[in-house]
1. Using the reciprocal of the averaged 1/r over all distinct C-alpha pairs, how large is the Kirkwood radius of the range 338-437 in Å?
2. Based on Cα coordinates alone, diagonalise the gyration tensor for the range 247-406, multiply each eigenvalue by 5, take square roots, and list the semi-axes in whole Å, largest first.
3. Calculate, for Thr404 and Leu113, the FRET efficiency according to 1/(1 + (r/R0)^6) with r their C-beta to C-beta distance and R0 45 Å; round to the nearest 0.05.
4. Among Ser285, Ser20, what is the fewest-to-most ranking by other Cβ atoms within 10 Å?
5. Please give the Cα centre distance for the range 63-127 versus the range 391-406, rounded to the nearest Å.
6. Per 0.36 nm of contour for each residue apart, how much would the distance between Val157 and Leu437 grow if the chain were fully extended, relative to their Cα-Cα spacing?
7. Could you compute the FRET efficiency for Arg282 and Ala46, with r as their C-beta to C-beta distance and R0 at 51 Å, rounded to 0.05?
8. Hey, what number do you get for the chain at 222 nm if only DSSP H runs of n ≥ 4 count, each worth -39500 (n - 2.57), divided across all residues, to the nearest 500?
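What follows is calculated from the coordinates using simple rules that are stated; it is not laboratory data. Not measured: the values here are computed from a predicted model. When we count neighbours, we look across all protein chains shown, and the Cβ atoms used for this are built from the backbone with ideal geometry, even at glycine.
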Amino acid sequence: MDGIGRVRWSRGLRPGAPGSRPTRLELFYDLVFVFAFINVTTLTAANPTPRGLAQGLVVLALLWWAWAGFAALGNMVRTDQGVLPFVAFSTMGGAFLFILAMPQAFRQTTGGLPGPLLFAVCYCVVRAVPVAVFGWLARSDAELRRGFLGVLVRGLVVGTLVLAAALVPQRLTDDPGEAWLRLVLWCVALVVDYTAALALRGTGWTVVSAGHWAERHALIVLVALGETIIALGLGGDSVAELPLTWPVLVAALLSVAVVAGLWWAYFDTLAAALEQALHRAREPSVRAVLARDAYSYLHLPLVAGPVLFALGLKGLLGGVAGPHVPLGGARFAGFDLLVLYSGVALYLLTLVGLGWRVLRLVRWPTLVGFAVLGVAFPVAARLSELAALALLAVTVLVAVAVQTLVDARLRQRVREAVLAEQLAAEAEQTSWRGRHL
């Protein structure tokens, strides 16, 4: 943080350091979002329509900012020291409650607590906690106070819109109208969130530890990719009662191949290259803008892609395992095929955007893979489920393989730097432990 040395620290709040990495407590916090991503797919699968898809994406975007606030807090202060563990536990509790209320976020069901209001209140509390800690830190620094005021105003406007959406009178319109009105108010809240962050341009704040910031975002991408494996394992409601067949095994292997390709496309080289570029951005405001664009903004679609892919996988095993289903499965339902292909396409396109924004490289094999998916989609609509999934898997794996070959020099340079950093850190830690333990 720019000017972090002027902050009056205490035993309750200890400063982060340039070399800090995510704590176990932050990883524990991320486990809540495993449940969150599963609930997003469940919410959307229950209403497989354009409106249902829009609702799921809006909820995912709201979840993202709830996660990002705690990630930013962990970059400023040590989350496993002082009072921060208790702050984290209370934030996790609020996050779990609004995720639990997510299926009723758009319309109230008969009986029980008001779902939309519970969702909105808990969401606002989760968003307010990091802002409150930031405000406490800013009390002794004029520049931080200016940044805090911008964050505070942004939070108040967003919170007001989210609460207004929850308080839409049920008798104001019919049920579809009520859901649409809530959706519009939430979309306005998201527009305010994103445009305000653009306007602030990182004022009064920067990334204290580039390694922590990059790894936190890489881990949430890993959580999203893991959610696809969970969706594949759970499958449809009746998968556990159906016999294991060759189509089921082939579908599972093809799905894992797609997820493995997506993992490789990001983690093999690009993730480390992004982190190294963030390390090289020494000037605080430049680093803040780069962190905002490459991570706070572009990592949201990188998370949304696997979540959409998981949504398409949700009924796949049930579709190919039924006793009266053809060998290759029936044709994909239009909605399932759309989210399956669009999720992967969104992921690939975001990788292209990251490569250009941070490295100023056009990752043309990945871009071609994205274009091929657009051409292959109408073809896949006429194929069986297994054939459509196989076409997707081949496209992803070929695009990733060619991109890896094209990146050969970059890959070698990046991975050599990563290994050198690991060896140096291990040697330093070994020396310290030999002297002190």
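1. Numbers: mean 1/r = 0.0620 Å⁻¹.
Kirkwood hydrodynamic radius for the range 338-437: 16.1 Å.
2. 34, 14, 12
3. On the way: r = 51 Å, r/R0 = 1.13.
Taking R0 as 45 Å, the efficiency between Thr404 and Leu113 is 0.35.
4. Least to most surrounded, the residues fall as Ser285, Ser20.
5. What the calculation gives is 38 Å, centre to centre.
6. Additional length available on full extension: 95.7 nm.
7. My answer for the efficiency is 0.55.
8. Per the formula, -25000 deg cm²/dmol.
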